[in-house]
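Comments concern the structure below.
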Amino acid sequence: MTQFITAVLTSLSSGAIYALMAIAIVLVWRSTRVINFAQAGQAVLTTYIGYTVIQRTGSFWIALVVAVVSGAVIGAVIDRFFMRPIFKRVKSGPIVMIAPVVATLGLLGIIQAIIGFVWGITNQSIEAPVSTGGYKIMGTVIAFSSYNLLVLVFVAGAMLLLTLLFQRTNIGLALRASAYSPEIAKLSGIKVDSVRTLGWALAGAFGGLAGMLYIPGYFLYPNAMDLLLVLGFIAAVIGGLESLFGAFAGGMILGFAIIFSTTYISPKLFFPTAFIVLILVLLVKPAGLFAPKKNRGA
Amino acid sequence: MSLIVEGLTIDHGAIRAINNVSFKVPQGQLAAVIGSNGAGKTTLLRTLSGLKEASSGSATWNASPILGKRAEDLARSGIMHVSDGKSVIAELSVKDNLALTGLWRKDKKDVKAATNEVVELFPILGQRMSQSAGSLSGGERQMLAIGRALIARPKLLLLDEPSLGLAPLIVEQIFQTIKSFVKSMNLTVVLVEQNAMGALKIADQGIVLNLGSVVLIDSAEKLLNDPAVRSAYLGF
């Protein structure tokens with residue numbers, strides 16, 4: 001029974017982190033139709049910035065805020081000065097689909113190299129701001145701590161804020177319109193380029209949050225978020241790549257599938273499970289579980 | 001205030017879509033651009049609204065140049081383009097579609113007033129506010145697309161095939177509505193249409209395009225009444 005409870009709680013907190021990364025990927029995909037592989041680099045870079053802030057101030061909370069804000073700034077800068085010029089120059093042919101994605105891969109390498117130069121490639125660690133010791137249930141210690149709970153609360157809060165932004169504000173409407181139809185948005189007078197940059201900034205902020213919440217359980221090194229990028233990408237695809245709720249649900253589904261298969265069958269199933277879930281979803285619903293409905297075909 | 005197009009040439013890669021086109025639409029007038037499929041009508045409008053680059057020539061609205069400006073800036077300056085294919089965002093609600101052209105406007109009171117006017121003009125939109133635009137019929141989508149443009153309080157309206165794919169009765173209704181608000185709002189309009197008869201009936205001026213070149217410009221009335229023109233270019 002405690003094993004089951006532990007599995008459920010751990011699934012939630014793992015899924016929440018995958019969801020953050022998936023949301024970051026979906027935000028960029030929706031605003032610019034680019035799969036941003038550099039997201040892993042951006043997230044780890046902002047986590048290093050957070051790490052440095054902790055070294056200087058000793059406060060995880062200040063570091064968290066700095067990491068999220070710098071994540072947003074880095075995302076905006078990448079779009080404005082790196083992606084936008086590429087889109088301006090590469091306009092036709094099959095290269096249009098490939099060039100931006102390859103560019104983000106290159107960017108991932110560049111960012112990781114820069115991190116190596118600045119911080120070195122040895123493992124660093126970030127101490128969690130609250131206890132990472134498991135709670136006790138009926139006398140047994142379970143693998144779910146105050147820190148896991150904190151992660152859950154933060155991810156839920158971030159999701160709520162993002163949903164409110166998208167559904168209740170003018171900026172959110174501009175973001176949605178620009179994602180669904182950049183042309184109609186432009187013709188309506190919306191500055192689509194700026195809105196796209198905002199999408200990258202939001203994604204960067206979510207990446208920063210994901211890094212700061214994920215790393216305390218692991219080590220910080222230049223490639224520390226590569227695995228999370230893959231899982232976030234899988235979660236995003238499961239959710240339909242277009243939908244923020246889908247990304248969240250995809251992260252949670254992945255969290256439950258991975259934790260349950262590794263707890264009850266074999267720890268070796270971590271990676272296979274992720275891909276089995278992905279393949280199953282693609283076979284049953286190729287557009288993803290939460291792809292938006294288009295129209296009645298008129 | 002008038003739209004003046006001079007020597008406009010537009011290329012699609014190696015293909016010349018619009019060749020040395022010149023015309024003038026005075027303030028408050030409706031010009032119908034007619035011609036068969038592939039005549040370059042849509043390309044012309046996309047260039048005037050900033051979606052496509054011209055190869056040479058000039059276009060000015062109210063004496064200021066249009067070409068080379070960004071679509072969103074032209075939209076904000078009062079040039080509204082209702083593109084073809086019933087340009088609504090299917091995933092958004094009717095209300096959100098209408099709100100798009102009011103997002104950047106400072107005068108929120110006027111946005112509200114303009115929205116009310118649009119709902120008066122197209123009452124069906126008022127009943128469908130919370131529905132997704134994708135659930136609307138073809139005619140309703142066209143009303144939504146036009147309504148969205150009107151909320152920006154445009155001066156120059158570029159309409160691309162508003163009759164496309166609509167039932168004859170609805171086409172008649174759309175044309176009559178366009179005629180009525182164009183007069184009451186003192187709009188200048190470039191209306192691109194394959195339905196030449198319907199368009200010329202509500203137009204002041206007719207511009208006949210063939211394979212990217214202007215073959216005829218005259219008052220709509222003359223074009224409608226000239227049997228030679230009718231059989232050669234209008235097909236009725």
Inset, instruction - Return the residues of the range A:178-221 for which accessible area with all protein chains present is lower than in the chain on its own by 20 Å² or more; set the probe to 1.4 Å and exclude ligands, DNA and RNA. - result: A:Tyr180, A:Glu183, A:Ile184, A:Lys186, A:Leu187, A:Ser188, A:Gly189, A:Ile190, A:Lys191, A:Asp193
Legend entry - Degrees separating the helix A:244-264 axis from the principal Cα axis of chain A, which is the longest one: 30
Inset, instruction - Counting only heavy atoms of the protein chains, get the accessible area per residue of the range A:77-133 (1.4 Å probe) and round it to a whole Å² value. - result: 64
Legend entry - Across B:Lys24/B:Lys69; B:Lys183/B:Lys222; A:Lys91/B:Lys106, pairs whose alpha-carbon gap is larger than 26 Å: A:Lys91/B:Lys106
Legend entry - Karplus-derived HN-Hα couplings along the range A:116-129 (A = 6.51, B = -1.76, C = 1.60, θ = phi - 60°), whole Hz, x at Gly and Pro: x, 5, 6, 10, x, 10, 6, 5, 10, 9, 10, 7, 5, x
Inset, instruction - Specify the residue with the greatest mean-square fluctuation among A:Ala43, A:Ala179, A:Ala158, computed from a Gaussian network of chain A linking alpha-carbon atoms under 10 Å apart. - result: A:Ala158
Legend entry - With eigenvalues of the C-alpha gyration tensor scaled by 5 and rooted, chain A, Å: 31, 24, 18
Inset, instruction - Compute the signed sum of charges (Lys and Arg +1, Asp and Glu -1) over the other residues within less than 15 Å, Cβ to Cβ, of A:Val102. - result: +2
Legend entry - 222 nm mean residue ellipticity, helices alone, for chain B (DSSP H n ≥ 4; -39,500 (n - 2.57); rounded to 500): -10000 deg cm²/dmol
Inset, instruction - Would you list which aspartates and glutamates come within 16 Å of B:Lys41, measuring only between C-alpha atoms, while excluding same-chain residues fewer than 8 positions from it? - result: B:Glu6, B:Asp11, B:Glu53, B:Asp84, B:Asp160, B:Glu161, B:Glu193
Inset, instruction - Based on a Kirkwood Rh over C-alpha pairs, give the Stokes-Einstein translational diffusion coefficient of the range A:84-219 at 4 °C and viscosity 1.567 mPa s in µm²/s. - result: 69
Inset, instruction - Pop out a list of residues from the range B:50-71 that are at least 30 Å² less accessible with all the protein chains around than in their chain alone; 1.4 Å probe, no ligands or nucleic acids counted. - result: B:Leu51, B:Arg70
Legend entry - Solvent-accessible area buried by pairing B with A, both sides, nearest 100 square angstrom, 1.4 angstrom probe: 2300
Legend entry - For A:Thr140, residues with placed amide H under 5 Å, excluding near neighbours: none
Inset, instruction - Kindly rank A:216-229, A:81-94, A:107-120 from highest to lowest mean number of other beta carbons found within 10 Å of each residue. - result: A:216-229, A:107-120, A:81-94
Legend entry - Heavy-atom accessible area per residue - the range B:2-234, 1.4 Å, Å²: 41
Inset, instruction - Compare B:Ala14, B:Ala31, B:Ala54 in a GNM of chain B, Cα atoms joined below 10 Å, and give the one with the largest fluctuation. - result: B:Ala14
Legend entry - Heavy-atom accessible area order for A:Thr197, B:Thr101, largest first, 1.4 Å probe: A:Thr197, B:Thr101
Inset, instruction - Convert each backbone phi in the range B:140-153 into a coupling constant with the Karplus relation 6.51 cos²θ - 1.76 cosθ + 1.60 (shift: θ = phi - 60°), then list the ³J(HN,Hα) values in order as whole Hz, x for Gly and Pro. - result: 5, 5, 5, 4, 5, 5, 5, x, 4, 5, 5, 5, 6, 6
Inset, instruction - Once you have a ≥ b ≥ c as the square roots of the Cα gyration tensor eigenvalues for the range B:100-211, tell me rounded if a/c is under 1.5, and otherwise prolate or oblate according to whether a/b is larger than b/c. - result: oblate
Legend entry - Nonlocal amide H pairs with B:Val88, under 5 Å, H built at 1.01 Å: none
Inset, instruction - Considering Cα pairs under 8 angstrom that are at least six residues apart, work out the relative contact order of chain A and quote it in whole percent. - result: 35
Inset, instruction - Take the alpha carbon atoms of the range A:212-259, find their center, do the same for the range B:33-112, and report the distance between the two centers in whole angstrom. - result: 40
Inset, instruction - Can you give me the three principal axis dimensions of chain B from its C-alpha atoms, in Å, biggest first? - result: 48, 38, 33
Legend entry - Accessible area of B:Glu161 in the full protein assembly, 1.4 Å probe (Å², nearest 10): 20
Inset, instruction - Would you mind working out the magnitude of the charge dipole of the range A:31-230 relative to its Cα centre, with +1 at each Lys and Arg C-beta and -1 at each Asp and Glu C-beta, to the nearest 20 Debye? - result: 620
Inset, instruction - Output ³J(HN,Hα) for the range A:86-97: one whole-Hz value per residue in order, computed from phi by the Karplus curve 6.51 cos²θ - 1.76 cosθ + 1.60 with θ = phi - 60°, and x for Gly and Pro. - result: 5, 5, 5, 8, 9, 10, 9, x, x, 5, 4, 6
Inset, instruction - Give me the percent of the accessible area of the protein assembly as shown that comes from carbon and sulfur atoms, probe 1.4 Å, all protein chains in place. - result: 62
Inset, instruction - Return the average number of partner chain Cβ atoms within 10 angstrom of each residue Cβ along peptide B:72-83. - result: 4
Legend entry - Cα pair distances exceeding 45 angstrom across the protein assembly as shown, given as percent: 28
Legend entry - Expected 222 nm ellipticity per residue - DSSP helices of 4 or more, -39500 (n - 2.57), all of chain A, to 500: -24000 deg cm²/dmol
Inset, instruction - Mind telling me which of A:Leu187, A:Leu280, A:Leu20 comes out most flexible in a GNM of chain A, alpha-carbon contacts under 10 Å? - result: A:Leu187
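The values are calculated or read from the model by the stated rules, or taken from the named source; none is laboratory data. Keep in mind that this is a model prediction, so the values were computed, not measured. Neighbour counts run over all protein chains shown; Cβ positions are idealised from the backbone, glycine included. Note: areas computed on protein heavy atoms with side chains; ligands, DNA, RNA excluded. Shrake-Rupley method; radii C 1.70, N 1.55, O 1.52, S 1.80 Å.
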